[in-house]
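Scroll down for the structure; my scribbles are underneath it.
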Amino acid sequence: MSILGRKRGDLRVYLGAAPGVGKTYSMLAEAHRRMERGTDVVAAVIETHGRRRTTQQLAGIEVIPPQFVEYQGDRYPELDVEAVLARRPQVILVDDFAHTNTPGSRNATRWQDVDEFLNAGITVITTVNVQHLESLNDVVTQITGVEQKERIPDEIVRAADQIELVDITPEALRRRLAHGNVYPPERVDAALSNYFRPGNLTALRQLALLWLADQVDAALAKYRADKNITDTWETRERVVVGVTGGDESETLVRRASRIASRSGAELKVVHVIQGDGLTSISSQQKSAVRAVATSLGATMHTVVGDDVATTLLDFARAANATQLVLGTSRRSKWARIFDEGIGANVVQQSGSIDVHMVTHPEARRGIRLPTLSRGRRRVVSWLAALAIPIAILAVTMSLPLETLGIGGQSTLFFTGVLVVALLGGVAPAVLSAVLSGLLLNYFLVTPPFTLTIEDPDSAVTIVVLLLVAVAVAVLVDRVAYRAAEARRSSQEAELLALFADSVLRDADLDTLLERIREAYSQRAVSMLAVRSDERTGEVVASVGKDPCTSVDCADTAIDVGDDGFWMLLAGRTLTARERRVLGSVAEQAVNMVKQRR
């Protein structure tokens, strides 16, 4: 909706690779089609450049006369915004979208004039050449040797409801130029030997096609998000490679690049930071991997998740990836008996995504202990609390009576309690200690098969076993907790380094918010400016689908200082630790908002 409460008008852009491809002619043809359907169409600015067929196509269309603006003693024709708003047609034709207005005009640029029409509910059809897009300006200058003074921000063109490429081959355009259908005869030879050289036109055409392809990708991603489509659509090959930061990471990125290059696929490199901090990557390792990725034309991404396999697949599906590249497991054969590893789990859950397992020199090197998810670890620890004492009892009873005394038997049970403590902490260890004491008393202490103890020394041994086992279990649990805290602190430092890297690389606010959205697997992230006594306000920046516009609708809301700013996240609710990390990042985002203003 516009600021006046009207429905905002639609914007249609005809994009061309170079002058003379037929943008204005196509725009006028569309105008005639709409007029035949009864639509009120008016032309505000039409640049015919003296071309006969374009002038003929303009016939029958109402034209609003230009407004002349005086500047340095001369008068220049410019779009008459007030006249258009007063006439208020259903559709207005505005040529040369990137035009810079003469100083003294109502707006500095023509695209700002167009924005007024859109806010007034008027549909606008316009034209622009690829060389005027801000993001391509340097590339176009390098190709053609001509610097374009008139430029338009990419996001203005991307916001169009429809973008249509007007495309002809370089050979056809040069023939059109030679026949005098683009420039007057006296300019043809110079144009053909300079700007309109075949190589220039081919490069400009490729730029236009690639830029438009990116916009189609964005539109497709939005449609999939709006319709909650998670299945992979193989409209374009995309390759995702997962890296750990180990010595094999650079090998994996290079191999993935070769796989991607065979089909001209886009390559994304992703590193998963586990929520429990069990894995991390040093800044030196990340810099090395990023350098390799950048040199190969890939992008580097970091995401957070407890389950690496699930997080990798979620990222790949969100990117609409068709192939996923992973390194073969470092685990030994014995370790894989307990846990097959990330690669095997990814293959089982991959669905329509092709998974490549790449061998590397680090495969099966060293000792890799099996790792379990938090839920599975909890279940295993309680089962171990019951199974380990029973297994020790079976081993002990299978030995001759004189082999182990009460001290040796107690030591075996004590060792079992320690194993349970390492697996699951205090509670399972206490259960294991109590069960060990009961089994030792009932089966191994005289008289057997009763809970009566004849020998006082045996009674003392069992009691000491229970007390020491519980005490050691508590100590082991505290050590494990501190180790986990250290790993989580390392994870927080890695995330802060990730976001700080965005700032140091002169990323804008939207890029920083997109990093946050991607890292925490959020649907949307927005910055909200509110008054001190309210919980709604103005969204000053946002990324993602359906960003939150009030504090109450956010799944996670972070109050940033006393300036009335909130960072709002839509998606999974963040933990207290994750909120603490984002608190620091949100302050930097607020500084960016203030700089933008």
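Based on what the data block shows, is residue 67 over 39 Å from the mean Cα position of the chain (by Cα) and more than 24 Å from residue 162 (Cα to Cα)? Answer is yes for this residue.
Taking residue 45, is it under 16 Å from residue 12 (Cα atoms) and either outside the structural domain of residue 164 (by the TED database) or modelled with pLDDT under 95 (or both)? Yes, satisfied.
Could you go through segment 94-113 and let me know if any residue there is without any contact (Cβ under 8 Å) to a residue 24 or more places away in the chain and of a type outside the set (D, E, K, R).
Checked segment 94-113: at least one residue is without any contact (Cβ under 8 Å) to a residue 24 or more places away in the chain and of a type outside the set (D, E, K, R).
For segment 53-83, filtering for residues that are under 27 Å from residue 36 (Cα atoms) and either without any contact (Cβ under 8 Å) to a residue 12 or more places away in the chain or of a type in the set (Val, Ile, Thr) (or both) leaves 8. The condition of being under 24 Å from residue 43 (Cβ atoms), within 26 Å of the chain's Cα centre (by Cα), of a type outside the set (D, E, K, R) and in the same structural domain as residue 17 (by the TED database) holds for only one of 208, 160, that being 160. Residues of segment 20-35 that are crowded, with 17+ Cβ neighbours inside 10 Å and hydrophobic (A, V, I, L, M, F, W, C): 21, 27, 28, 31. Taking residue 1 as the residue in question, decide whether it is surrounded by fewer than 23 Cβ atoms within 10 Å (Cβ to Cβ) and at pLDDT below 95. Criteria met by residue 1.
Of all residues in segment 578-597, those being surrounded by fewer than 14 Cβ atoms within 10 Å (Cβ to Cβ) and either charged (D, E, K, R) or touching a His at 6+ places or on another chain (Cβ under 9 Å) (or both) number 4. For segment 25-52, filtering for residues that are in a loop (DSSP other than H, G, I, E, B) and either farther than 23 Å from residue 81 by Cα or in contact with a Phe, Trp or Tyr (Cβ under 8 Å, 6 or more places away or on another chain) (or both) leaves 5. What residue, among those in segment 396-408 that are assigned to a helix (DSSP H, G or I) and among the β-branched types (Val, Ile, Thr), is modelled with the lowest pLDDT? Within segment 396-408, the match that is modelled with the lowest pLDDT is 406.
Consider residue 167 carefully, then state whether it is within 20 Å of residue 22 (Cα to Cα), in contact (Cβ under 8 Å) with a residue 60 or more places away in the chain, of a type in the set (Asp, Glu) and surrounded by fewer than 18 Cβ atoms within 10 Å (Cβ to Cβ). Yes: the conditions hold for residue 167.
The values are calculated or read from the model by the stated rules, or taken from the named source; none is laboratory data. Predicted model only: the values in this text are computed from it and were never measured. Counting neighbours? That spans all protein chains shown, and the Cβs are built from the backbone with ideal geometry, glycine included.
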